[in-house]
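S.K.: The structure that follows is given in the form of structure tokens.
The values are calculated or read from the model by the stated rules, or taken from the named source; none is laboratory data. Here the structure is a predicted model, which means the values were calculated and not measured. All Cβ positions, even for glycine, are placed from backbone atoms using ideal geometry, and neighbour counts span all protein chains on display. What goes into the accessible areas is simple: the full protein's heavy atoms, side chains included, and nothing from ligands, DNA or RNA. Shrake-Rupley method; radii C 1.70, N 1.55, O 1.52, S 1.80 Å.
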Amino acid sequence: MRPDRIEIDVMQFTDIPEVAAIERRTFSQPWTEKGFRDALEQGASLYLVARLGDRHEIVGYCGFQQGLDEAELLNVAVREDARKNGVGYAMMRLLLKLGRERGVHRFVLEVRESNAAALHLYEKLGFVVEGVRKNFYQQPTENAVIMSR
């Protein structure tokens, strides 16, 4: 897969089953389809999906919940067979741009301390470490690194 064949669009309700399947394969405590539906129904949320250009399969998604001029990134995932191809970076760049257009001045997120790939991606996008939440994640128990931009 080549990054120039990736199309990024705003997530639609019809995307939720594919997104939830990626979520289940990626996270030990995944969101449900209902969780994604609830998020899309909120006007303060923005979610994107990345698709393969020719087959239209969803290979990644990301999103945030906005409160005034701040947004918390809640979900970022790329299907395992699509990683290391620039998908996450492309999605996140567009999500941050669209957030700024919606008036977001500060973005925050939490990431597992052991997730070196995600930490590198966020640093590349200009996020800085603000602190650590001890034992934030379960299955397995792990600290969360708090980052902002």
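S.K.: What do you reckon, is residue 87 touching a residue at least 24 places away in the same chain (Cβ under 8 Å), β-branched (Val, Ile, Thr), surrounded by 18 or more Cβ atoms within 10 Å (Cβ to Cβ) and over 23 Å from residue 129 (Cβ atoms)?
M.R.: Yes: the conditions hold for residue 87.
S.K.: Which residues, taken from segment 128-149, are in contact with a helix residue (DSSP H, G or I) (Cβ under 9 Å, 6 or more places away or on another chain) and aromatic (Phe, Trp, Tyr)?
M.R.: none
S.K.: Considering every residue within segment 46-63, establish whether at least one is of a type in the set (Val, Ile, Thr), modelled with pLDDT of 95 or more and surrounded by fewer than 16 Cβ atoms within 10 Å (Cβ to Cβ).
M.R.: No.
S.K.: State all residues of segment 26-63 that are touching an Asp or Glu at 6+ places or on another chain (Cβ under 6 Å), in contact (Cβ under 8 Å) with a residue 40 or more places away in the chain and under 25 Å from residue 141 (Cα atoms); if no residue qualifies, say none.
M.R.: Correct list: 31 only.
S.K.: Also, quick follow-up: With respect to the numbered conditions (1) touching a residue at least 12 places away in the same chain (Cβ under 8 Å); (2) open to solvent by 50 Å² or more (accessible area, probe 1.4 Å); (3) more than 11 Å from the chain's Cα centre (by Cα); (4) farther than 23 Å from residue 140 by Cα, which one is the sole condition not fulfilled by residue 71?
M.R.: If we test residue 71 against (1) touching a residue at least 12 places away in the same chain (Cβ under 8 Å); (2) open to solvent by 50 Å² or more (accessible area, probe 1.4 Å); (3) more than 11 Å from the chain's Cα centre (by Cα); (4) farther than 23 Å from residue 140 by Cα, just (2) comes out false.
S.K.: Residue check, residue 77 against (1) closer than 14 Å to residue 10 by Cα; (2) surrounded by 20 or more Cβ atoms within 10 Å (Cβ to Cβ), all met but one. Which one?
M.R.: It is condition (1) that residue 77 fails.
S.K.: Does segment 48-67 contain any residue that is of a type in the set (S, T, N, Q) and within 27 Å of residue 18 (Cα to Cα)?
M.R.: Yes, that holds for at least one residue.
S.K.: Still on this structure, I have one more. Being of a type in the set (Asp, Glu), more than 17 Å from residue 75 (Cβ to Cβ) and assigned to a strand (DSSP E or B) is the filter here, so list the residues in segment 103-149 that pass it.
M.R.: Residues satisfying the conditions are 130, 142.
S.K.: Same structure, new question: Which members of segment 125-149 meet the condition of being of a type outside the set (A, V, I, L, M, F, W, C), within 25 Å of residue 90 (Cβ to Cβ) and in contact (Cβ under 8 Å) with a residue 24 or more places away in the chain?
M.R.: Hits for segment 125-149 are 148, 149.
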